[in-house]
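Q: A single structure is presented below for examination.
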């Protein structure tokens, strides 16, 4: 064995077949010394008292460029059940530090480990999101930036509900119209005139509600996009950012229902024509089949263009370009995105119903109109007390549901762009995250 200071096999010990004598030299070494005669030999630097097996090491002379040896019990394997000489150094796997990180087990390397966690400057981590993370991001936006979110939702809801109540009481609450529609002896012209007035008034209510939804969507889109970066925004700042796109957003919001209505008309038109000019029974059956098919196409198209609104607002695109962007982002992800959208709408509807129904019951009791006002959908014939109390419930319900619907749509858009275009790298740079994505190559379209 070469007696060179500073090198030793960890855990090695003198062989049982070659025990050293009292001078510390093995028999082979003694033979070599006798053959060399009286030549001077360098003094040995080995200790006469060797430590037990497993702890024996060479003298601690350090070779230039080599790390100093670790003391027994420290370093790789001190106290490790696998035996001396193996295992992670102290601190690896400790909570909050080293490769192990929290929850990776006491050994660090021995537990399950993966890539480092994604940066989270705002309400979501900058990586592809799960369903729970998208819903949590929408709720976290409302909770973290509640001044802007609830201020926008409350303001839009109050204005919308005031106009709706005025329409219901001053326009729809027409005794002559109700008498005409309930009188079997009314002529077709009178019924048509009354129905036209009702449809016109209902269209006005729908338009006001739609405009309120457009305004809330535009402003909440801006707030949510800033919340992803961990930045707050005031209502005035959100308005300045969203105002240039409001007209285009209004056109997009009106275009999609018109497309759905046109498809439904095309689907039911053959059946209506057959019912008028041929067999009524066959025409009704054909209209039902065509209507069901048209509804399926409508659902597919509405979901395919469901990400057009955030694309229009955040990318400052035209209506046509934003619809094309939504179509590309939805390619191959229609079922996933649609399911999350439907789930978000169900949650919003449940939250809204939990708030609105108690107010409607209280309004029916206090107004004296009874269950007839509670079951009435248009509010025609209801008193001011009923309309005001139910209006308060509607305001609270919309204030809570607007942020959920708008937030989920925006986060779905961001999630799809992260999956396909590595948007997380741009978001990290915009949020000021240092070194995020360094040394990695993004692969768009994955």
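Q: For residue 186 and residue 282, calculate 0.36 nm times their separation in residues minus their Cα-Cα distance, and state this gained length in nm to one decimal. Mind dumping the intermediate values first?
A: Values: separation 96, 0.36 × 96 = 34.56 nm, distance 3.00 nm.
Extra length available between residue 186 and residue 282 comes to 31.6 nm.
Q: Where q = 0.16, 0.27, 0.29 Å⁻¹, what log10 of I(q)/I(0) comes from the Debye formula for segment 304-362, counting one point per Cα?
A: Debye curve over Cα of segment 304-362, log10 I(q)/I(0) at q = 0.16, 0.27, 0.29 Å⁻¹: -0.62, -0.98, -1.04.
Q: Rank the residues 161, 315, 133 as a footprinting-exposure proxy: fewest other Cβ atoms within 10 Å of their Cβ go first.
A: Numbers: 161 22, 315 14, 133 17.
By the 10 Å Cβ count, ascending: 315, 133, 161.
Q: Now, a different point. Which distance in nm do the two modelled labels at residue 202 and residue 318 give, with both placed 7 Å along the Cα-to-Cβ direction?
A: 3.6
Q: At 25 °C and 0.890 mPa s, grab the translational diffusion coefficient of segment 208-305 from Stokes-Einstein with a Kirkwood Rh over Cα pairs, rounded to a whole number in µm² per second.
A: On the way: Rh = 16.2 Å.
Stokes-Einstein gives a translational diffusion coefficient of 152 µm²/s.
Q: Could I have the simple spin-label model distance between residue 235 and residue 346, label points 7 Å from Cα toward Cβ, reported in nm to one decimal?
A: Using points 7 Å along Cα→Cβ, the separation is 3.4 nm.
Quick note: the coordinates plus some simple rules give every number you see, no bench work behind them. All values derive from a computational prediction rather than experimental measurement. Cβ sites come from the backbone with ideal geometry, for glycine too, and all protein chains shown count toward neighbours.
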